[in-house]
Amino acid sequence: MEDVFITGDHIISPLGNTSLENFSRIMHNESGIQLHHSPDIHETSFYSSLIDEETVSEIKKRIKNSDKFTRLENLIIYSIQTLIESNSIPLDDKTLLILSSTKGNISLQGRNTQFPGERVYLSVMGQVIQDYFKHRNSVVIISNACISGSLAISVARDLLQSPQYERAIVIGADEISKFIFSGFSSFQAVSPEPCRPFDSDRSGVTLGEAVASVYLSKKPKEGAFLIEGVGSFNDANHISGPSRTGEGLYRSIEQAFKDSENPDPGFISAHGTATLYNDEMESIAFGRANLLDIPVNSFKGYYGHTLGASGILETILSIHSLHNQMLIKSMGYFQQGTSQALNIIKENSESNIKSFLKTASGFGGSNIATLFTKYNS
């Protein structure tokens, strides 16, 4: 398989509009999770990590004819535009655009807006993005629950094996709406406090929103990260409940390691939603894979669960962790809350590691594990 590298990135979140700003703020233990009062999303107060409307308004000023696009489309266009400009990416036939989202413009549903009803379809959103950039290639849509972002990176890597393509822009995006909040609430999965992944007193997920994008290329440059190995297995356990044996995630890790020349992750960026069953499943899978000594964190305590953006957002933060030779603590964790004793990162610490494992799991039994290694020229 031909090597594919991540050579650029960009983040829009409640913690800033660049990757560097986001990483700096989590280094200083800042979280985007706050108590919100927004009847459009939920009738009572709730904790979430939401991009403020002042930021959205500023971004819209930089988008041509921004009123023709939804809130989420404006954020996506801005992130792609920024990534193209900062990396001098040619938007030609050799370039792929891949969009990961679980719900796209679902916030339009049931509302009286200027946008036609079909705008809620992900395929229509993809066409809107393609038309804005006048790109000849169709936007590839990836929507597979909460592994969507990591899966989109994997799909891009596979497509770049073709001589038809040289590079890809992979973007993950989701926003919080009444539809999404109601869905997680119906599972009684939403925490009444900021989430605490892997902690014994965890009480569920905190939802968040973000737009994150990465630039994949066959040509590495200084600071690039090789996508060394990927595994993705469905455990076929339940539509919403993860495997009690961690089977799908365990097999995904096993395959990612087989796919790599020298698997030696310095830390694991886990899915870590802070739900009872997900965190327990991950601990079992990591135990079966003999990874209990490897430092583990979850970024959900800083951003909440950003759904289709999470795999890409957390990959970018992990890359910057290695750039800065820092392991970032898992915010909200105080004491072991899983049957397997994970090596949770409790404080930010210096570490000169070269690779990391990113895992994600989602509804429908989906799982993915990806091993990234720092490129040495």
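The values are calculated or read from the model by the stated rules, or taken from the named source; none is laboratory data. Remember, predicted model here, so these are calculated numbers, not experimental data. With ideal geometry, Cβ positions are generated from the backbone for all residues, glycine too; neighbour counts draw on all protein chains shown. The area values use the complete protein model at the heavy-atom level, side chains included, leaving out ligands, DNA and RNA. Shrake-Rupley method; radii C 1.70, N 1.55, O 1.52, S 1.80 Å.
Would you confirm whether any residue within the range 126-144 is assigned to a helix (DSSP H, G or I), modelled with pLDDT of 95 or more and of a type in the set (Phe, Trp, Tyr)? Quick ask: steps written out before the conclusion?
At the first step, the residues of the range 126-144 found to be assigned to a helix (DSSP H, G or I) are 126-133.
With the extra rule that they be modelled with pLDDT of 95 or more, the set shrinks to 126-133.
Next cut, of a type in the set (Phe, Trp, Tyr) only: 132-133.
Yes.
Any residue in the range 260-274 that is in contact with a Cys (Cβ under 9 Å, 6 or more places away or on another chain), aliphatic (A, V, I, L, M) and not in a helix (DSSP H, G or I)? Show your work before the answer.
Step one: filter the range 260-274 for residues in contact with a Cys (Cβ under 9 Å, 6 or more places away or on another chain), giving 271-274.
If we keep only those that are aliphatic (A, V, I, L, M) too, we end up with 274.
When the remaining residues are screened for being not in a helix (DSSP H, G or I), the result is 274.
Checked the range 260-274: at least one residue is in contact with a Cys (Cβ under 9 Å, 6 or more places away or on another chain), aliphatic (A, V, I, L, M) and not in a helix (DSSP H, G or I).
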Next item on the list: Out of the residues in the range 237-259 that are of a type in the set (D, E, K, R) and assigned to a helix (DSSP H, G or I), state the one that is farthest from residue 275 (Cα to Cα).
Entry: 258
Next item on the list: Could you grab me the full set of residues in the range 32-57 that are crowded, with 21+ Cβ neighbours inside 10 Å and either more than 18 Å from residue 107 (Cα to Cα) or free of Cβ contacts under 8 Å to residues at least 40 places away in the same chain (or both)?
Entry: 32, 33
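Give the range 217-236 a look and list any residue that's aliphatic (A, V, I, L, M) and assigned to a loop (DSSP other than H, G, I, E, B), or say none.
Once the filter is applied, which keeps residues that are aliphatic (A, V, I, L, M) and assigned to a loop (DSSP other than H, G, I, E, B), the range 217-236 yields 224, 236.
Tell me, yes or no, whether the range 287-309 has at least one residue that is outside any loop (DSSP other than H, G, I, E, B), surrounded by fewer than 24 Cβ atoms within 10 Å (Cβ to Cβ) and small (Gly, Ala, Ser). Quick ask: steps written out before the conclusion?
Going through the range 287-309, the residues outside any loop (DSSP other than H, G, I, E, B) turn out to be 287-288, 295-297, 300-303, 305, 307-309.
Retained after the next criterion (residues that are surrounded by fewer than 24 Cβ atoms within 10 Å (Cβ to Cβ)): 287-288, 295.
Still in the list and also small (Gly, Ala, Ser): 287.
Yes; the residues of the range 287-309 include at least one that is outside any loop (DSSP other than H, G, I, E, B), surrounded by fewer than 24 Cβ atoms within 10 Å (Cβ to Cβ) and small (Gly, Ala, Ser).
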Item checked: Residue match in the range 236-248 (condition: at pLDDT 95 or above and over 21 Å from residue 340 (Cβ atoms)) -> no
Notebook entry, point to check: List, please: which pairs have Cβ atoms under 6 Å, are six or more places apart or on different chains, and start with a residue in the range 210-232 that is without any contact (Cβ under 8 Å) to a residue 12 or more places away in the chain and end with one that is in a loop (DSSP other than H, G, I, E, B) and open to solvent by 20 Å² or more (accessible area, probe 1.4 Å)?
Noted result: none
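From 223, 231, 204, which residue is within 30 Å of residue 160 (Cβ to Cβ), in contact with a strand residue (DSSP E or B) (Cβ under 6 Å, 6 or more places away or on another chain) and of a type in the set (Gly, Ala, Ser)?
Details: 223 fails: in contact with a strand residue (DSSP E or B) (Cβ under 6 Å, 6 or more places away or on another chain); 204 fails: within 30 Å of residue 160 (Cβ to Cβ).
After applying the criteria, what remains is 231.
Does the range 31-56 hold any residues that are outside any helix (DSSP H, G or I) and farther than 17 Å from residue 193 by Cβ, and which are they?
Initial filter on the range 31-56 (outside any helix (DSSP H, G or I)): 31-52.
Scanning the range 31-56 gives 38, 39, 40, 41, 43, 51, 52.
Based on this model, can you work out whether residue 117 counts as out of contact with any Asp or Glu (no Cβ under 9 Å at 6 or more places or on another chain), open to solvent by 30 Å² or more (accessible area, probe 1.4 Å) and closer than 30 Å to residue 44 by Cα? Explain how you work it out, then say what you get.
Values: out of contact with any Asp or Glu (no Cβ under 9 Å at 6 or more places or on another chain): yes; open to solvent by 30 Å² or more (accessible area, probe 1.4 Å): yes; closer than 30 Å to residue 44 by Cα: yes.
The answer is yes for residue 117.
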Next item on the list: Could you grab me the full set of residues in the range 82-97 that are in contact (Cβ under 8 Å) with a residue 24 or more places away in the chain and either of a type in the set (Gly, Ala, Ser) or in a helix (DSSP H, G or I) (or both)?
Entry: 82, 83, 84, 86, 87
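Quick one: which of 213, 200 is at pLDDT 95 or above and surrounded by fewer than 22 Cβ atoms within 10 Å (Cβ to Cβ)? Spell out the reasoning first.
Details: 213 fails: surrounded by fewer than 22 Cβ atoms within 10 Å (Cβ to Cβ).
It is 200.
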Notebook entry, point to check: Taking the range 93-131 as the search range and keeping residues that are of a type in the set (Val, Ile, Thr) and farther than 20 Å from residue 210 by Cα, which one is farthest from the chain's Cα centre (by Cα)?
Noted result: 113
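Test residue 297 against the criterion of being under 14 Å from residue 26 (Cβ atoms) and either touching a residue at least 40 places away in the same chain (Cβ under 8 Å) or among the acidic types (Asp, Glu) (or both), and give yes or no. Lay out the reasoning, then the answer.
Details: under 14 Å from residue 26 (Cβ atoms): yes; either touching a residue at least 40 places away in the same chain (Cβ under 8 Å) or among the acidic types (Asp, Glu) (or both): yes.
In short, yes.
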